[in-house]
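Report on one structure; see the data block that follows.
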Amino acid sequence: MEARFNLFDSPTATKVAQRLHNAGMLLGQSTLPKSTQELVNLRASQINGCAFCVDMHTKEADAAGETPVRLAMVAVWREATVFTAAERAALALTEEGTRLADAHHGVSDATWAEARAHYDDDQLGALICLIAFINAANRFNVVVRNPGGSYEPGTLAAALN
């Protein structure tokens, strides 16, 4: 399978991708745990059917020390015992923040309250930005049908710097 279009062939798309990536790099400096960030990226990518991002975030999380069991359980996190209460709150917020068109209420008050109970203002701000950024990245890749399976950890960062 080949992508429909190489976004790096477009100077404009490349500049936008670089800026989005650079803004996303700021999230790595936040106090939101890195493992939570990768779980959020993976879950949103699963929901959006982004093979490239599922591949990338699974491998980046693995390279950062995430366990294969936890990575395998992200898709069924509600029925899994391997996530903390804080991670579960982040995953719920991710799902509701990603499925905006599927729910008339957007993010429910209960989900918001649970996330608020586990994260301080800076972490919550980072989490909101992360959900927005991964959804944007998923849309780039789904539109052009970037395939998953051949990603090597660190290659996206190298390509965009």
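Here, each number is a calculation from the coordinates, and none is a lab measurement. All values reported here derive from a predicted model rather than from experimental measurement. Cβ coordinates were reconstructed from backbone atoms using ideal geometry, including for glycine residues, and neighbour counts include every protein chain displayed.
At a 4.7 angstrom Cβ threshold, list every cysteine in the chain that has nobody to pair with, or say none.
If one checks each Cβ against the other cysteines of the chain, CYS129 turn up with nothing under 4.7 Å.
As a check on your grasp of the helix formula, calculate [θ] at 222 nm for the chain: sum -39500 (n - 2.57) over DSSP H runs of n ≥ 4, divide by the residue count, round to the nearest 500.
On the way: 8 runs with 105 residues, N = 161.
Theoretical 222 nm ellipticity from helices: -20500 deg cm²/dmol.
Under a GNM of the chain (C-alpha, springs under 10 Å), which listed residue has the highest mean-square fluctuation: ASN135, ASN146, ASN22?
Residue with maximal mean-square fluctuation among ASN135, ASN146, ASN22: ASN22.
Per residue of region 91-96, what does 6.51 cos²θ - 1.76 cosθ + 1.60 with θ = phi - 60° give for ³J(HN,Hα)? Whole Hz please, x for Gly and Pro, Karplus curve as stated.
With the stated coefficients, region 91-96 comes to 5, 5, 4, 4, 4, 5 Hz.
Just to check I understand the Karplus step: with θ = phi - 60° and J = 6.51 cos²θ - 1.76 cosθ + 1.60, what whole-Hz values come out for region 42-49, glycine and proline as x?
5, 5, 4, 5, 5, 4, 7, x
Let a ≥ b ≥ c be the square roots of the eigenvalues of the Cα gyration tensor of region 20-161; is it rounded (a/c under 1.5), or, if not, prolate (a/b larger than b/c) or oblate? Mind dumping the intermediate values first?
On the way: a/c = 1.40, a/b = 1.35, b/c = 1.04.
Because its axes are fairly even, with a/c under 1.5, region 20-161 counts as rounded.
Net charge around SER108, counting only other residues with Cβ within less than 10 Å of its Cβ (Lys, Arg = +1; Asp, Glu = -1)?
Values: positive: none; negative: GLU96, ASP109, GLU114.
Net of charged neighbours comes to -3.
Quick one: length gained pulling ASP121 to ALA80 fully straight, 0.36 nm per residue minus the C-alpha distance? Write down the numbers at each step before the final one.
Working: separation 41, 0.36 × 41 = 14.76 nm, distance 2.73 nm.
The span from ASP121 to ALA80 would gain 12.0 nm if fully extended.
Starting with the highest mean, order 1-11, 76-86, 45-55 by the number of other Cβ atoms within 10 Å, averaged over the residues of each peptide. Don't jump to the answer; show the numbers that get you there.
Values: 1-11: 10.7, 76-86: 12.4, 45-55: 20.9.
The densest-packed peptide leads the list: 45-55, 76-86, 1-11.
Which whole-Hz couplings ³J(HN,Hα) result when phi for each residue of region 125-142 is put into the Karplus expression 6.51 cos²θ - 1.76 cosθ + 1.60, θ = phi - 60°, listed in order with x for Gly and Pro?
Karplus values, whole Hz, x for Gly and Pro: x, 5, 5, 4, 4, 4, 4, 5, 5, 5, 5, 5, 4, 4, 5, 3, 6, 5.
Given springs between every Cα pair under 10 Å in a Gaussian network model of the chain, which of LEU39, LEU91, LEU27 has the largest fluctuation?
LEU27
Distance between the C-alpha centers of region 121-153 and region 30-68? Whole Å please.
9
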